[in-house]
Amino acid sequence: MSSATEVASRAGGSAVRPALEKVSATQRLIVALDTHVGRTALQTLAVVAFFLLWEFGVRMGWVSEFLVGKPSGIWLRFEAQLLDGSLFVDSGYTLYEALIGFVVGTIVGSVLGLAMWYSIFVARMVEPFIVALNSVPKIALAPVILLWFGTGLLSKVVLVVSMTALVALIAAYQAAKDSDKDLQSLMLSMGGSKHQIFYSVVVPSSLPAIIATFRINIGFALVGAVVGEFISSKRGLGHLVYNASSLYDLNSVWVGLFVLMFMGFVLYHGIDALERYLLPWKQDAGHVRIQA
């Protein structure tokens, strides 16, 4: 009986061992690829494969070039617009609008949201109005904003501010409300003033949520700038995309969209750099992971 059990356990062990070795080999591969170089290589490979499949599908007639364009045609349009300088002008115009509106809207919204912590009465009074304004699609306000502020740069900046300020205000106020109540009570019991509690507890604890809102507002800022250019503009990536789509020039449309993607990518990583500078302790804590 014991000999049969030993044989069975050996057989089971020999069956389990390859599975364990297989799992460990997979884990070793994941660990090897989970580096900056490994991730970058995989991401680059995925992008190259996507464009190659796209080009191959168009050349083979699987998809219509008229409807989706093709990578080689997009590259030719990109080169042409780089050489004549129009792409630099359009990109700079859109980036300028988005950055000014983003900075103004995010700073004003964050400051007002934090300031609402000072008075629960005021916060409860204005909160329904904030919710009502936030429920209105900001894109619907674009014609009104253009009518009030004209068709120039100012109207686009105001539109971007309208799309970013309320998001920053709500996030900052919620973060201020959720700040550590025990620590606030401790400072109050030790004779700390309301201003000291605000600057020593509320603001530092709210910074991670505020900076996280920056990432969301980057996208909203670009959307606001492009929507304003759609409605009325002589320059900008929105103007480029709108005119190209009117002429059914899909390759030029993709040029504008890919430049917008690249712009958002760079700005997002700029926010990451800002977070590492302002919150180094959060980055250190983020490196600790639980491996399953």
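The values are calculated or read from the model by the stated rules, or taken from the named source; none is laboratory data. All values derive from a computational prediction rather than experimental measurement. Methodologically, a virtual Cβ is constructed for each residue, glycine included, from the backbone with ideal geometry; neighbour enumeration extends over all protein chains shown. For the accessible areas, the whole protein counts, side chains as well, though only heavy atoms, and no ligand, DNA or RNA atoms are used. Shrake-Rupley method; radii C 1.70, N 1.55, O 1.52, S 1.80 Å.
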Could you order peptides 245-254, 126-135, 154-163, 92-101 by the average number of other Cβ atoms within 10 Å of their residues, highest first? 154-163, 92-101, 245-254, 126-135
Largest-first principal axis extents, alpha carbons of the stretch 73-279, Å: 68, 37, 20
Compute, for His195, the solvent-accessible surface of its heavy atoms (probe 1.4 Å) with the complete set of protein chains present, and express it in square angstrom to the nearest 10. 110 Å²
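Write out the trypsin sites (Lys or Arg not before Pro) in the stretch 201-251 meeting two conditions: DSSP loop, and at most 13 other Cβ atoms within 10 Å of their Cβ. Write down the numbers at each step before the final one.
On the way: sites: Arg215, Lys234, Arg235; in loops: Lys234, Arg235.
Hits after loop and neighbour filter: Lys234.
For the stretch 73-279, please report how many Lys pairs fall under 21 Å Cα to Cα, leaving out neighbours fewer than 8 apart on the same chain. Write out the running numbers ahead of the final one.
Numbers: Lys138/Lys156; Lys156/Lys234; Lys177/Lys194; Lys181/Lys194.
So the count works out to 4.
With the contact rule set at Cα under 8 Å and sequence spacing of 6 or more, what percent relative contact order holds for the stretch 73-279? Don't skip to the answer; put the middle values down first.
Values: 249 pairs, mean separation 62.1, N = 207.
Reported as a whole number, the value is 30 percent.
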